[in-house]
1. Between a residue in segment 210-237 that is of a type in the set (Ser, Thr, Tyr) and any residue that is assigned to a strand (DSSP E or B) and open to solvent by 20 Å² or more (accessible area, probe 1.4 Å), which pairs come within a Cβ distance under 6 Å, given they are 6 or more apart or on different chains?
2. For segment 177-190, does any single residue satisfy the condition of being closer than 30 Å to residue 313 by Cα and out of contact with any strand residue (DSSP E or B) (no Cβ under 8 Å at 6 or more places or on another chain)?
3. Looking for whichever is on the phi < 0 side of the Ramachandran plot and open to solvent by less than 30 Å² (accessible area, probe 1.4 Å) here; the options are 183, 154. Which one fits?
4. For segment 125-147: of the residues being touching an Asp or Glu at 6+ places or on another chain (Cβ under 8 Å) and part of a loop (DSSP other than H, G, I, E, B), which is nearest to residue 240 (Cα to Cα)?
5. Within segment 158-173, is there a residue that is of a type in the set (A, V, I, L, M), part of a loop (DSSP other than H, G, I, E, B) and modelled with pLDDT under 95?
6. Determine, yes or no, whether residue 297 is surrounded by 12 or more Cβ atoms within 10 Å (Cβ to Cβ) and more than 23 Å from the chain's Cα centre (by Cα).
7. Name every residue in segment 120-144 that is touching a strand residue (DSSP E or B) at 6+ places or on another chain (Cβ under 7 Å) and buried (at least 16 other Cβ atoms within 10 Å of the Cβ), in order of residue number.
8. Can you list the helices (runs of 4 or more DSSP H) lying wholly within segment 1-112 that have 1 or more residues being surrounded by 17 or more Cβ atoms within 10 Å (Cβ to Cβ) and modelled with pLDDT of 95 or more?
Amino acid sequence: MTRLATDDVSALAKQASGREGEGRRALITGLRGFTGHYLAQELTAAGYRVFGTVMPGEETGPDLFAVDLCDRDAVAAMVAEVKPDVVAHLAGIAFVGHANVEAIYRVNVVGTRNLLEALAAGAHRPTSVLLASSANIYGNANVPVIDESVPPAPANDYAVSKLAMEYMARLWMDKLPITIVRPFNYTGVGQAENFLLPKIVNHFRRNEQRIELGNLAIARDFSDVRMVARSYRRLLAAAPAGEAFNVCSGTPHSLSSVIETMGEIAGYRIDVQVNPAFVRANDVLQLTGSNSKLAAVIGDLAPTPLHETLDWMYRA
């Protein structure tokens, strides 16, 4: 995982005004994942002592626990030891095209339930629990901009698993201060190449002349992972229990515009070929979100322009 540069960490420290986490303990499930890495930087800069979970078999370290979230007893033991004040539950299967459908449901629903059960049963109750859902739950919504009132219409197993997780979490909202986030697409340095934008950026970084993509008609509301992590930190501090929030830039970008932007950054045009194998059935064609509800709670989001994010990724 690429680490943040020193100036990025300094910037985070400035953003974390007030040191809201001083003397407090934060738990991030999936800490070594793409988002977990950046959220850990945010929370550390805000003064929290950050604990995290990794997958069994991965290397551990100080304040890191190797835990299978589907192992109920192991999750309970970890929570009892950490005694977190705030929790960001990011661990889960996040790739829409993941081949093992059973694992998608087991990890995203049962794993989350095990965590909530352990948190509710502990003697030390957290003041804020953030659960990462997904804007994929909205499916192919027939509105130009999606806010939190749009009815869910999941169009794939990943989205169904996230919506099921949200409904399951409602069973615990009388016991825990749960906030649900529905991030739209986001990217940045360190994201795996099986995601769309890192795949495109890395083709340009390697100076490849041809790229195979799926449905060129898709348009997405892309955000910078650093903005997403900042939003999560602010939500953990605000603790708007029982609410769900879109996390997004509010600006859609077509796949063709991303290719054009990368061509400008890299200084050449790439030959784009559509590979039918990459075109998913029931693919969500457009996702553009409203972040008004989120901004009303945590303040100005200051989204990073996509061109700057792509340039950061290209030059990393």
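1. Partner pairs satisfying both residue conditions: 223/186.
2. Yes - at least one qualifying residue is present in segment 177-190.
3. 183
4. Result: 127.
5. no
6. Considered against the rule, which asks whether it is surrounded by 12 or more Cβ atoms within 10 Å (Cβ to Cβ) and more than 23 Å from the chain's Cα centre (by Cα), residue 297 comes out as no.
7. Answer for segment 120-144, where residues must be touching a strand residue (DSSP E or B) at 6+ places or on another chain (Cβ under 7 Å) and buried (at least 16 other Cβ atoms within 10 Å of the Cβ): 126, 128, 129, 130, 131, 132, 133, 134, 135, 137, 138.
8. Where helices (runs of 4 or more DSSP H) fall fully within segment 1-112 and carry at least 1 residues being surrounded by 17 or more Cβ atoms within 10 Å (Cβ to Cβ) and modelled with pLDDT of 95 or more, they are 34-45, 72-82, 101-105.
The values are calculated or read from the model by the stated rules, or taken from the named source; none is laboratory data. These figures come from a predicted structure and were not determined experimentally. Reconstructed Cβ throughout: ideal geometry from the backbone, glycine too, with neighbour counts over all protein chains shown. Just the protein is used for accessible areas: all its heavy atoms, side chains included, with ligands, DNA and RNA removed. Shrake-Rupley method; radii C 1.70, N 1.55, O 1.52, S 1.80 Å.
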